[in-house]
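The values are calculated or read from the model by the stated rules, or taken from the named source; none is laboratory data. As the structure is a computational prediction, the values presented were derived from the model and not from experiment. Don't worry about glycine lacking a Cβ; one is built from the backbone with ideal geometry, like all the others, and counts go over all protein chains shown. These accessible areas exclude ligands, DNA and RNA; they are computed on the full protein's heavy atoms, side chains included. Shrake-Rupley method; radii C 1.70, N 1.55, O 1.52, S 1.80 Å.
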Amino acid sequence: MRPFAMCYGGHQFGNWAGQLGDGRAITLGEIQTDNGLFSLQLKGAGPTPYSRSADGLAVLRSSLREYVCSEAMHHLGVPTTRALSLILTGDQVMRDMLYDGHPALEPGAVVCRVAPSFVRFGNFEILTARREIDLLARLADYTIDSWFPEFSHLSSPDRYIQWFAEVSRRTAAMITKWMAVGFVHGVMNTDNMSILGQTIDYGPYGWLEDFDPDWTPNTTDASTRRYRYGQQPAIAQWNLLRLANAIVPLVKETKPLEEILQEFGKQYGELWGSALLHKLGLENCDEVPQEFLGEMEQMLRLTETDMTLFFRYLGKLDPQALDQDSDPIEQISSVYYDYENINSDVRQKINRWLHKYGELTKCCGYSADERKARMNSVNPLYVPRNYLAQLAIDQVERGDTSYLLDWLEVLKNPYTEQSGKEGFATKRPEWARTRVGCSMLSCSS
Ligand code: AMP
Ligand code: MG
């Protein structure tokens, strides 16, 4: 083995942070499999040349969160790095969980991550920042030849332009999937953006519970909420702009890169529009008014509405029955966090939207059962809700892995209702609203 750590830089929270690098990730090497070449990487196994003043270690809570979420994302169909193993090291690691002057010892852990490559936008940025342009070209060529072979035959600068366009497309596709399942990454710094368009570096991520586009789980980002749910597409584009800047020395002109960045907005818009229609079971309907989708977002924000359950319950609604029902909100009452206290004005608005929805479903041509099956195939029932991760952490810290293992099995089929597993699909209980780890996380890991 020739294990190594990578050198990269990055823009953190909007500012160039200079050199970062794998401070606690050690790539063991690559293995050839039937599905191609994969890198194996240990996260939390100790210091590397890029650890700076930190310890190179990771604690159980963050490692378990990475393991569970990356596996869940894979089964949800979201491009992601994966996790092969999670072990306790037996060592205690000091962490100040909320950066508020209360350091404490926590169990240390190591995750073995797997991906075709762990190269990030920041790997390119650091070389450009240092004017190491020959090395930049070698890294770009290596990246293209290894993971984008479809552009290998092209000569410079076309190969770099086509490659960047592909990275941009993949990033748009990845973000669309995040938005569709309600995932908030939490730290979309350019050092946390995979060149392959995979979700990477699970830290203070979270899942939307009540639909709030302004929500971020990351308390380190509480003041500006730069990485909130609703801003993820714009941030992805901003990050692509940083990558574009980094490869200008290879392309030698900016215009083609600018065009690709423009195109990102259009591509994302189309992908998201289509994803939303599929989530609503209206993909076959060619006259869904744009206002209707806007009204949906407004309606979801009128009162705390569980995003995941909302789309599942919508699939269950029978449009024929909706016609006669003057109060259809009752059929989906479980998706609300405070159903009893919804006032009559809000109730009326939700009912109005549901009636419009019922009307629209008629043009899709599906039977109620078929519509439900189609919607269920894109609207997950089981997502790794923040409070469930905390429950799993609490139990593993007490030495009991059964809950975690049970949950991981359920997450393998997130779109299929599994009998006896209702507990893994339940909306956030009241106690979890303010508990650290459930709704509040920091970068400390
Ligand atoms: P993150 O935003 O968590 O992906 O981390 C940002 C940078 O800090 C990366 O370069 C990490 O490798 C580094 N880092 C985070 N935690 C540690 C740690 N405990 N030891 C060494 N480096 C770390
Ligand atoms: Mg990182």
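Okay, here's what the table says:
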{"item": "Residue list for segment 14-57, restricted to those being closer than 16 Å to Thr190 by Cβ, of a type in the set (A, V, I, L, M, F, W, C) and surrounded by 15 or more Cβ atoms within 10 Å (Cβ to Cβ)", "result": "Ala17, Leu20"}
{"item": "Among the candidates Asn413, Asn379, residue that is within 25 Å of Asp212 (Cβ to Cβ), among the polar types (S, T, N, Q) and outside any helix (DSSP H, G or I)", "result": "Asn379"}
{"item": "Residue satisfying condition, being more than 18 Å from His278 (Cβ to Cβ) and in contact with a strand residue (DSSP E or B) (Cβ under 6 Å, 6 or more places away or on another chain), within set Val396, Val335", "result": "Val335"}
{"item": "Filter result (closer than 17 Å to Ser194 by Cβ and among the hydrophobic types (A, V, I, L, M, F, W, C)) within segment 22-47", "result": "Ala25, Leu37, Phe38, Leu40"}
{"item": "Breaking point among (1) surrounded by fewer than 23 Cβ atoms within 10 Å (Cβ to Cβ); (2) over 11 Å from the mean Cα position of the chain (by Cα); (3) of a type outside the set (Ser, Thr, Tyr); (4) under 22 Å from Ala83 (Cα atoms), for Asn189", "result": "(1)"}
{"item": "Residue ID - farthest from ligand 1 (Cβ to nearest atom), chosen from residues in segment 35-53 that are out of contact with any helix residue (DSSP H, G or I) (no Cβ under 7 Å at 6 or more places or on another chain), modelled with pLDDT of 95 or more and not in a strand (DSSP E or B)", "result": "Pro49"}
{"item": "Out of Arg301, Arg312, sole residue that is touching a residue at least 60 places away in the same chain (Cβ under 8 Å) and under 30 Å from Gln418 (Cβ atoms)", "result": "Arg312"}
{"item": "Which listed residue, of Ser146, Ser152, is free of Cβ contacts under 8 Å to residues at least 12 places away in the same chain and surrounded by fewer than 20 Cβ atoms within 10 Å (Cβ to Cβ)", "result": "Ser152"}
{"item": "So Ile161, is it open to solvent by less than 20 Å² (accessible area, probe 1.4 Å), away from ligand 2 (no atom under 16 Å from the Cβ), more than 25 Å from Ile26 (Cβ to Cβ) and part of a helix (DSSP H, G or I)", "result": "no"}
{"item": "Counted residues, segment 12-34 - those being assigned to a strand (DSSP E or B) and within 16 Å of ligand 2 (Cβ to nearest atom)", "result": "9"}
